[in-house]
Amino acid sequence: MKLADNKATLSFSNGAPSVELPVYQGTIGPDVIDIRKLYGQSGMFTYDPGFLSTAACQSAITYIDGDKGELLYRGYPIEQLANNCNFLETCYLLLNGELPNAQEKAAFEARVSQHTMVHDQMQYFLRGFRRDAHPMAVLTGLVGALSAFYHDSTDVHNAEHREIAAIRLIAKMPTLVAMAYKYGVGQPFMYPQNDLSYAGNFMRMMFGTPCEEYKVNPVVERALDRIFILHADHEQNASTSTVRLCGSSGTNPFAAISAGVACLWGPAHGGANEACLNMLEHIQANGGIAKVGEFMEQVKDKSSGVKLMGFGHRVYKNYDPRAKLMQETCNEILAELGLENDPLFALAKKLEKIALEDDYFVQRKLYPNVDFYSGIVQRAIGIPVNLFTGIFALARTVGWIAQLNEQMGDPEYKIGRPRQLFTGAATRNVK
């Protein structure tokens with residue numbers, strides 16, 4: 001980051017001396033005021049619940065301009081990556097800062113494919129869970145347990161260990177997600193087949209059985225690959241910040257990523273597309289497409305408590321750029337699988353139409369977001385609703401690792417230690 005020519009001055013109405021604070025500039029985006037010495041100079045902290053106005057780190061990985069509806073991975077617009085690259089090329093970009101050439105791409109893909117299997121004892125660990133356990137509960141345990149099997153890559157301060165752990169996590173997450181699914185439905189686990197693409201291999205492990213050969217549908221394969229690309233990273237969101245905070249203590253990479261998985265589970269974060277499909281199924285069960293208009297009127301009535309899931313975004317104040325891409329994929333998938341007239345998908349299209357045309361939603365910029373379309377696509381593919389967040393975790397793993405690696409290589413990195421405004425009881429004595 002670059003020190004700006006101007007400085008910020010904080011003055012106090014109580015006559016206390018003013019404080020001069022440095023200002024730093026990034027490549028693009030808002031400048032930041034450096035408050036690291038504020039407490040020492042004033043005896044005060046800043047107060048920012050949710051860290052909505054606080055930059056906790058400097059990063060060169062992902063940039064979002066919510067007003068413009070812009071998302072960049074290492075400077076490349078998400079639209080270009082989704083249309084011209086596959087997921088593993090995107091992984092290479094996030095980890096290394098540049099897109100791979102043909103030789104680098106082949107070497108990276110080969111390296112990932114060599115690590116797709118998990119230790120055989122992992123299946124016994126998995127069998128300790130109930131069959132009806134939520135896949136995210138299972139994944140949180142499985143990812144954390146990797147550190148018990150791969151002792152040679154658990155030193156987060158060692159760059160080589162982090163690199164090995166990165167490859168292992170990217171390679172093994174599809175296997176673990178598929179195992180969690182197979183375990184839940186009582187089917188035998190499918191070993192990886194490394195001559196398939198990353199997405200194709202995952203599809204086979206999910207939907208194939210030992211009884212017959214599984215044939216990958218290229219349209220579905222590309223749709224899944226695009227879902228992975230669009231969810232690979234998203235700047236300093238809740239789960240990424242969790243991974244950084246967890247990693248700042250020096251814990252191993254597997255534990256830090258497991259913490260990210262746990263955070264992603266929340267319905268306000270990675271569980272949003274699951275919540276969206278649950279909303280659609282609720283509408284379908286209570287009258288279906290004929291009741292969509294009535295449902296949207298309830299959404300407008302704040303006293304009703306009815307929420308519209310899958311629309312609007314905390315960051316994007318314009319159309320989510322990932323949603324435009326996912327909308328294209330959604331239409332392709334529904335056409336490929338002959339599901340244009342499926343009642344639930346027809347309901348979703350009606351909901352989308354109202355939100356894009358009704359002044360109430362347009363004025364508030366409550367456009368369909370990526371979760372709305374990705375949930376529809378995943379359901380069409382055959383992925384159960386309770387596994388949607390697991391797919392998200394699979395895709396976001398590379399972003400978490402890239403962020404963790406960047407943090408651990410930052411000379412200014414420190415263990416995270418947020419402050420508080422204490423409002424409890426003052427000192428008192430036991431009588």
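Averaged per residue, what accessible surface does segment 231-344 expose to a 1.4 Å probe, in Å²? Intermediate values should be presented prior to the final figure.
Numbers: 4880 Å² over 114 residues.
On a per-residue basis, segment 231-344 sits at 43 Å².
What is the distance in Å between the Cα centroid of segment 337-407 and that of segment 110-138?
When both Cα centres are located, 26 Å separates them.
How would TYR92, TYR73, TYR39 rank on accessible area, largest to smallest, probe 1.4 Å? Don't skip to the answer; put the middle values down first.
On the way: TYR92 40, TYR73 0, TYR39 120 Å².
Ranked list, largest accessible area first: TYR39, TYR92, TYR73.
Towards the positive end of the charge dipole of the chain, with charges on Cβ (+1 Lys, Arg; -1 Asp, Glu), say which of MET205, THR397, ALA137 has the farthest Cα.
After comparing all options, I get ALA137.
Expressed as a rounded percentage, what relative contact order does the chain have, with Cα pairs under 8 Å and six or more residues apart?
For the chain, the relative contact order is 19 percent.
Roughly how many Å² of LYS317 are accessible to a 1.4 Å probe, to the nearest 10?
Here the residue's solvent-accessible area equals roughly 90 Å².
Going from most exposed to least, what order do SER53, SER248, SER113 have by accessible area with a 1.4 Å probe? If you can, show how the numbers build up before the last one.
Values: SER53 105, SER248 5, SER113 30 Å².
Accessible-area ranking of SER53, SER248, SER113, largest first: SER53, SER113, SER248.
Using Cα positions and a limit of under 15 Å, work out the aspartates and glutamates in reach of LYS350, with same-chain residues fewer than 8 apart set aside.
GLU281, GLU294, GLU297, GLU340, ASP342, ASP358
No solvent, one uniform scatterer per C-alpha: report log10 I(q)/I(0) for segment 139-265 via the Debye equation at q = 0.22 1/Å, two decimals.
-1.33
Using the Kirkwood formula on the Cα atoms of segment 286-328, what hydrodynamic radius do you get, in angstrom to one decimal? Let's see the in-between values first.
On the way: mean 1/r = 0.0807 Å⁻¹.
After inverting the mean inverse Cα-Cα distance, the result is 12.4 Å.
Leaving ligands, DNA and RNA out of it, rank VAL216, VAL185, VAL261 by accessible area with a 1.4 Å probe, largest first.
Final ranking, largest accessible area leading: VAL185, VAL216, VAL261.
Return the equivalent ellipsoid semi-axes of segment 146-187 as a descending list in whole Å, where each equals the square root of 5 times an eigenvalue of the C-alpha gyration tensor. Walk me through the numbers before you get to the answer.
Details: eigenvalues 144, 19, 6 Å².
Calculated on Cα positions only, the semi-axes equal 27, 10, 5 Å.
Per 20 Å bin from zero, what fraction in whole % of the C-alpha pairs of the chain is there, up to the bin with the longest pair?
The distribution over the chain is 23, 53, 21, 2, 0, given as percents.
Could you compute how much accessible surface CYS246 exposes when probed at 1.4 Å, giving the result in Å² to the nearest 10?
40
Rounded to the nearest 10 Å², what accessible area does GLU328 show when all protein chains are kept and the probe is 1.4 Å?
Probe radius 1.4 Å; accessible area of GLU328 about 90 Å².
Students often forget the sequence filter, so: which aspartates and glutamates lie under 15 Å Cα-Cα from LYS37 once same-chain residues fewer than 8 apart are removed?
Excluding near neighbours in sequence, the set is GLU20, GLU412.
Modelling each spin label as a point 7 Å along the Cα-to-Cβ direction, I'd like the ASP34/ASN6 distance in nm, to one decimal.
1.8
Can you send over the carbon and sulfur percentage of the accessible area for segment 194-310, probe radius 1.4 Å, protein chains only?
It is 54 percent, rounded to a whole number.
Taking loop as defined by DSSP and a crowding limit of 13 other beta carbons within 10 Å, which trypsin sites (Lys or Arg not before Pro) in segment 212-275 fit?
When the trypsin sites (Lys or Arg not before Pro) of segment 212-275 are filtered for loop state and at most 13 Cβ neighbours within 10 Å, LYS215 remain.
Tell me the per residue accessible area of segment 166-207 using a 1.4 Å probe; a whole number in Å² is fine.
Solvent-accessible surface per residue comes out at 30 Å².
Can you give the helix-only mean residue ellipticity at 222 nm for the chain, where every DSSP H stretch with n ≥ 4 adds -39500 (n - 2.57) and the sum goes over all residues, rounded to the nearest 500 deg cm²/dmol?
-15500 deg cm²/dmol
Any idea of the accessible area per residue across segment 373-415, 1.4 Å probe, to the nearest Å²?
Using a 1.4 Å probe on heavy atoms only, each residue of segment 373-415 averages 26 Å².
Ignoring ligands, DNA and RNA, what percent of the accessible area of segment 1-148 is carbon or sulfur (1.4 Å)?
51
Report the extension gain between LEU356 and PHE422 in nm, rounded to one decimal, defined as 0.36 nm multiplied by the number of residues separating them, less their alpha carbon distance.
19.3 nm
Could you look at segment 373-421 and say what percent of its accessible area is carbon and sulfur, using a 1.4 Å probe and all protein chains? Kindly include the intermediate steps, with their values, before the conclusion.
On the way: 900 of 1780 Å².
Carbon plus sulfur share of accessible area: 50 percent.
Among residues other than ALA275 whose Cβ falls under 12 Å from its Cβ, what is the net charge (Lys/Arg +1, Asp/Glu -1)?
Around ALA275, the charge tally is -2.
Given the pairs LYS324/LYS349; LYS300/LYS353; LYS291/LYS317, which span a C-alpha to C-alpha distance of over 22 angstrom in this model?
LYS291/LYS317
Under 4 °C and 1.567 mPa s, how fast does segment 116-214 diffuse according to Stokes-Einstein, given a Kirkwood radius computed over C-alpha pairs? Answer in µm²/s, whole number.
Value of D from the Cα-based Kirkwood radius: 91 µm²/s.
For LYS172, give me every one of the lysines with a C-alpha distance below 21 angstrom, ignoring sequence neighbours fewer than eight places off in its own chain.
Within the straight-line limit of under 21 Å, LYS172 reaches these lysines: LYS105, LYS182.
The values are calculated or read from the model by the stated rules, or taken from the named source; none is laboratory data. On a predicted model such as this, the values are computed, not experimentally measured, just so you know. Every residue, glycine as well, gets a Cβ built from its backbone with ideal geometry; the counts of neighbours run over all protein chains shown. All accessible areas refer to the heavy atoms of the entire protein, side chains included, with ligands and DNA or RNA removed. Shrake-Rupley method; radii C 1.70, N 1.55, O 1.52, S 1.80 Å.
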